[in-house]
Amino acid sequence: MTPSTRLGAGIAIVAASVLLAACSSNGQVTAGSPTDDPSSALRGEVTVFAAASLQQTFTALGDRFEQEHPGTTVRFSFAGSSDLVSQIRNGAPADVFASADQANMAKLDDSDLASGWPRDFATNVLEIAVAPGNPKGIRSLEDLTATDVQLVTCAAPVPCGAATAAVERAGGVDLRPVSEEQSVTDVLGKVESGQADAGLVYVTDVAGADGGVDGVPFDESAEAVNTYPIGVLRGAEDPRLATAFAAYVRSAAGQRVLADAGFGTP
Amino acid sequence: MTRDPVGTPWWLPVPALLGGLFVVVPVLAMVGRVDWTSFVALVTSRSSLTALGLSLGTAAAATGIAFVLGFPLAVLFARARSRWVGVARAVVLLPLVLPPVVGGLALLAAFGRIGPVGAFLADHGLRIAFTTAAVVIAQVFVAMPFLVSSIEGALRVGDDRLERVAATLGARPSRVLLTVTVPRALPGIGSGLVLCFARALGEFGATLTFAGSLEGVTRTLPLEVYLQREVDPDTAVALALVLVVVALVVIGPSSIRGARSGRVAAP
């Protein structure tokens, strides 16, 4: 730690303690202390931080989990994987983390994750999203280079942007997007709203758009398969409950929900 | 320092100090995170300079347009005594209280490819979506209310006696406007331009929603900060500091002048 960062941290701590003096430190107050007896029923609350692309599937999984284990509540925070990682590293009270790519999960090490985690639970590939009916007649990656096609992609630094660069290399094409968006949902939104003619998004985004866009699969997408890992965090309030949820995602029932949404199995 | 006849309650500085710390501490904490050894390299990289240049250029253009459109609005608002003008003012000042992302959606609905204005312009060969023009439009939308309310405030402070005198002496309305009203509004124009520029410079939500993000075309400095934060927090913090410095340079002088003359820059 450099002196300047220490000064910064010191100032931040003073500020935090002044401003938050009245609040209890979140995540530390356990409602009912977890028991180690494996036969006792699961109960209490588990907080899951999950990538934005998992919003629909994980919300469904959470409902099913709560039904199977009455007395439990699954709370979600959905955002970009890198945002979630930085929140976790800054002390956010998460019990389980599901990332949209390996790179962001890799930012957490053994001191952050419980032993035995992370494990992969789903894969996703890119697809070309176009307006319903495909008015521009886009059939391949090559077609996206046509001058009358307004293409939108993810920016290189975000996971879907890295996948875009990979398929671009694989197909030997030079894509010229009119905009490089921050997240895959922004790309989808630009196509859904008719602002752009085509966008590179995940198969699951097309499936989740409920007819708002059509999907055009392309061969090169196999060159950029995105693998989603999930992990139980070391600081989990109730490790048994957290592990149960993460295991449920990887169970046959969980995998069915994911497959219905278009995810592949790792 | 002369003694203030009104007097300040002894306890007032306590919450005031907390209020000040609340703003200052996060900014200082961010400065503490800056990696000074690589600071210059980070902020002078090509993408950083491109984003800074684009930000300054678009904010200046947006301020100019906002003045041309906003000054007449402010004068009408300040002079009119009708309830309907009150309604009109509320609508025009709406972007002040609207989340910028909502502004972006509204702009999309109007100027987007399938919006009424956007479709009309597209028929005439003008594309707005994903161009620098879209960035400027977004900035004008969110920043113009600052200018309007600042100028209107200045005009309302004094009454319109001078204008009426000028009119009775035979000056035509245009002449009254240019030789009496404009000089009277000068302090408001100054602070309004400053606030408008600063707000345009910081515009993020409407730009991201409406204009997209492409280096050199639509990716302004705030968008670059947001993008870099994904991969390279050091660069994001360094660029954020640049924005802080630019913002201080812009609002600092008028705020200091305002404090000395007892007139503040805020609307």
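B:Val87 - would you say it is exposed (fewer than 14 other Cβ atoms within 10 Å of the Cβ), modelled with pLDDT of 90 or more and within 30 Å of B:Leu223 (Cβ to Cβ)?
Numbers: exposed (fewer than 14 other Cβ atoms within 10 Å of the Cβ): yes; modelled with pLDDT of 90 or more: yes; within 30 Å of B:Leu223 (Cβ to Cβ): no.
Spelling it out, it is not the case that B:Val87 is exposed (fewer than 14 other Cβ atoms within 10 Å of the Cβ), modelled with pLDDT of 90 or more and within 30 Å of B:Leu223 (Cβ to Cβ).
Any residue at all in segment A:228-236 that's within 25 Å of A:Glu168 (Cα to Cα) and surrounded by 16 or more Cβ atoms within 10 Å (Cβ to Cβ)?
Going residue by residue through segment A:228-236, those that are within 25 Å of A:Glu168 (Cα to Cα) are A:228-229.
Checking the rest, the ones that are also surrounded by 16 or more Cβ atoms within 10 Å (Cβ to Cβ) come to A:228-229.
Checked against the condition, which is being within 25 Å of A:Glu168 (Cα to Cα) and surrounded by 16 or more Cβ atoms within 10 Å (Cβ to Cβ), segment A:228-236 yields at least one hit.
Here is a yes/no grid of residues against (1) farther than 30 Å from A:Ser99 by Cβ; (2) β-branched (Val, Ile, Thr); (3) surrounded by fewer than 17 Cβ atoms within 10 Å (Cβ to Cβ):
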| site | (1), (2), (3) |
| --- | --- |
| B:Val165 | yes, yes, yes |
| B:Pro173 | yes, no, yes |
| B:Phe204 | no, no, no |
| B:Thr218 | no, yes, no |
| B:Gln228 | no, no, no |
| B:Val244 | yes, yes, yes |
| B:Pro253 | yes, no, yes |
| B:Gly258 | yes, no, no |
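So which residues in segment B:20-48 are out of contact with any helix residue (DSSP H, G or I) (no Cβ under 8 Å at 6 or more places or on another chain) and under 29 Å from B:Met144 (Cα atoms), if there are any at all?
Step one: list which residues in segment B:20-48 are out of contact with any helix residue (DSSP H, G or I) (no Cβ under 8 Å at 6 or more places or on another chain), which gives B:20, B:23-24, B:37, B:40-41, B:44, B:46.
Answer for segment B:20-48, where residues must be out of contact with any helix residue (DSSP H, G or I) (no Cβ under 8 Å at 6 or more places or on another chain) and under 29 Å from B:Met144 (Cα atoms): B:Gly20, B:Val23, B:Val24.
Do we find that B:Gly7 is away from chain A (no Cβ under 14 Å), modelled with pLDDT under 90, assigned to a helix (DSSP H, G or I) and more than 30 Å from B:Leu214 (Cβ to Cβ) in this structure? Write out each step before concluding.
Values: away from chain A (no Cβ under 14 Å): yes; modelled with pLDDT under 90: yes; assigned to a helix (DSSP H, G or I): no; more than 30 Å from B:Leu214 (Cβ to Cβ): yes.
The answer is no for B:Gly7.
Does at least one position in segment B:185-204 carry a residue that is within 14 Å of the chain's Cα centre (by Cα) and within 13 Å of chain A (Cβ to nearest Cβ)?
yes
Any residue at all in segment B:118-133 that's farther than 16 Å from B:Gly70 by Cβ, surrounded by 15 or more Cβ atoms within 10 Å (Cβ to Cβ) and of a type in the set (S, T, N, Q)?
Yes, segment B:118-133 has at least one match.
Pull up segment A:88-103, narrow it to residues that are outside any loop (DSSP other than H, G, I, E, B) and crowded, with 23+ Cβ neighbours inside 10 Å, then point me to the one that is farthest from the chain's Cα centre (by Cα).
So in segment A:88-103, the residues outside any loop (DSSP other than H, G, I, E, B) come out as A:88-89, A:96-98, A:102-103.
Imposing the further condition that a residue be crowded, with 23+ Cβ neighbours inside 10 Å reduces the set to A:96-98.
Details: A:Val96: 12, A:Phe97: 9, A:Ala98: 6 Å.
Looking at the filtered set, the residue picked out is A:Val96.
Please state which one of B:Leu107, B:Leu195 is in contact (Cβ under 8 Å) with a residue 12 or more places away in the chain and farther than 22 Å from B:Pro253 by Cβ. Quick ask: steps written out before the conclusion?
Numbers: B:Leu195 fails: farther than 22 Å from B:Pro253 by Cβ.
None of the others qualify; the one that does is B:Leu107.
Only residues that are surrounded by 18 or more Cβ atoms within 10 Å (Cβ to Cβ), in a helix (DSSP H, G or I), in contact (Cβ under 8 Å) with a residue 60 or more places away in the chain and within 14 Å of chain B (Cβ to nearest Cβ): list them for segment A:41-87, please.
A:Ser81, A:Ser82
So which of B:Glu224, B:Glu215 is part of a loop (DSSP other than H, G, I, E, B) and of a type in the set (Asp, Glu)? I'd like the intermediate steps shown before the answer.
Details: B:Glu224 fails: part of a loop (DSSP other than H, G, I, E, B).
After applying the criteria, what remains is B:Glu215.
Looking at segment A:190-249, which of its residues are among the aliphatic types (A, V, I, L, M), free of Cβ contacts under 8 Å to residues at least 60 places away in the same chain and under 25 Å from A:Ser140 (Cβ atoms)? Steps first, please.
First, the residues of segment A:190-249 that are among the aliphatic types (A, V, I, L, M): A:191, A:196, A:198, A:200-201, A:203, A:206-207, A:209, A:213, A:216, A:222, A:224-225, A:230, A:232-233, A:236, A:241-242, A:244, A:246-247, A:249.
In the following step, the residues that additionally are free of Cβ contacts under 8 Å to residues at least 60 places away in the same chain were identified as A:196, A:207, A:247.
Passing the criteria: A:Ala196, A:Ala207.
Name the single residue that is farthest from the other protein chains (Cβ to nearest Cβ) among those in segment A:159-177 being aliphatic (A, V, I, L, M) and farther than 23 Å from A:Gly194 by Cα. Even if it seems obvious, please write down each step before you answer.
Quick first cut of segment A:159-177, residues aliphatic (A, V, I, L, M) only: A:162-163, A:165-167, A:170, A:173, A:175.
Right, trim to farther than 23 Å from A:Gly194 by Cα and you get A:162-163, A:165-167, A:170, A:173.
Details: A:Ala162: 10, A:Ala163: 14, A:Ala165: 13, A:Ala166: 16, A:Val167: 19, A:Ala170: 22, A:Val173: 18 Å.
Looking at residues that are aliphatic (A, V, I, L, M) and farther than 23 Å from A:Gly194 by Cα, I get A:Ala170.
Quick check on my filter: what residues within segment B:230-241 are more than 10 Å from every other protein chain (Cβ to nearest Cβ), surrounded by fewer than 20 Cβ atoms within 10 Å (Cβ to Cβ) and in contact with a Ser or Thr (Cβ under 9 Å, 6 or more places away or on another chain)?
Within segment B:230-241, B:Asp234 is the sole residue that qualifies.
Given the condition in contact with a Pro (Cβ under 9 Å, 6 or more places away or on another chain) and acidic (Asp, Glu), answer yes or no: does some residue in segment B:200-211 qualify?
Step one: of segment B:200-211, the residues in contact with a Pro (Cβ under 9 Å, 6 or more places away or on another chain) are B:201-209.
Now drop any that are not acidic (Asp, Glu), which leaves B:203.
Yes, there is a match, as at least one residue in segment B:200-211 is in contact with a Pro (Cβ under 9 Å, 6 or more places away or on another chain) and acidic (Asp, Glu).
Among the residues of segment A:104-142, write down those that are of a type outside the set (A, V, I, L, M), out of contact with any Leu (no Cβ under 9 Å at 6 or more places or on another chain) and crowded, with 21+ Cβ neighbours inside 10 Å. Explain how you work it out, then say what you get.
In the first step, residues of segment A:104-142 are kept if they are of a type outside the set (A, V, I, L, M); the result is A:104, A:107, A:109-112, A:115-121, A:123-124, A:127, A:132-137, A:139-140, A:142.
Retained after the next criterion (residues that are out of contact with any Leu (no Cβ under 9 Å at 6 or more places or on another chain)): A:107, A:109-111, A:115-116, A:119-120, A:123-124, A:132-137, A:139-140, A:142.
Matches in segment A:104-142: A:Asn124 only.
Among what's in segment A:175-197 and is aliphatic (A, V, I, L, M) and in a loop (DSSP other than H, G, I, E, B), pick the residue that is surrounded by the most Cβ atoms within 10 Å (Cβ to Cβ).
Residues of segment A:175-197 that are aliphatic (A, V, I, L, M), as a first pass: A:175, A:178, A:184, A:187-188, A:191, A:196.
Right, trim to in a loop (DSSP other than H, G, I, E, B) and you get A:175, A:178, A:196.
Values: A:Leu175: 17, A:Val178: 21, A:Ala196: 28.
Looking at residues that are aliphatic (A, V, I, L, M) and in a loop (DSSP other than H, G, I, E, B), I get A:Ala196.
Step by step: first the residues of segment A:145-163, then only those that are in contact with a Cys (Cβ under 7 Å, 6 or more places away or on another chain) and within 18 Å of A:Ala209 (Cβ to Cβ), then the one that is surrounded by the most Cβ atoms within 10 Å (Cβ to Cβ). Which residue is that? Even if it seems obvious, please write down each step before you answer.
The first filter runs over segment A:145-163 and keeps only residues in contact with a Cys (Cβ under 7 Å, 6 or more places away or on another chain), leaving A:154, A:160-161.
Within this subset, residues satisfying the condition of being within 18 Å of A:Ala209 (Cβ to Cβ) are A:154, A:160.
Details: A:Cys154: 28, A:Cys160: 30.
Here the residue is A:Cys160.
Among the strands (runs of 3 or more DSSP E) lying completely within segment A:109-157, list those that include at least 2 residues that are more than 13 Å from every other protein chain (Cβ to nearest Cβ) and more than 16 Å from A:Gly189 (Cα to Cα). Can you show your working first?
Numbers: elements: A:119-124, A:126-130, A:151-154.
Of the strands (runs of 3 or more DSSP E) lying wholly inside segment A:109-157, those with at least 2 residues that are more than 13 Å from every other protein chain (Cβ to nearest Cβ) and more than 16 Å from A:Gly189 (Cα to Cα) span A:119-124.
Could you name every one of the helices (runs of 4 or more DSSP H) located completely within segment B:17-129 that has at least 1 residues being within 14 Å of chain A (Cβ to nearest Cβ) and in contact with a Phe, Trp or Tyr (Cβ under 8 Å, 6 or more places away or on another chain)? Steps first, please.
Working: elements: B:36-43, B:46-79, B:83-92, B:94-97, B:100-111, B:116-123.
Hits in segment B:17-129: B:100-111, B:116-123.
The values are calculated or read from the model by the stated rules, or taken from the named source; none is laboratory data. As the structure is a computational prediction, the values presented were derived from the model and not from experiment. Glycine also receives a Cβ, built like all others from the backbone with ideal geometry; neighbour counts cover every protein chain displayed.
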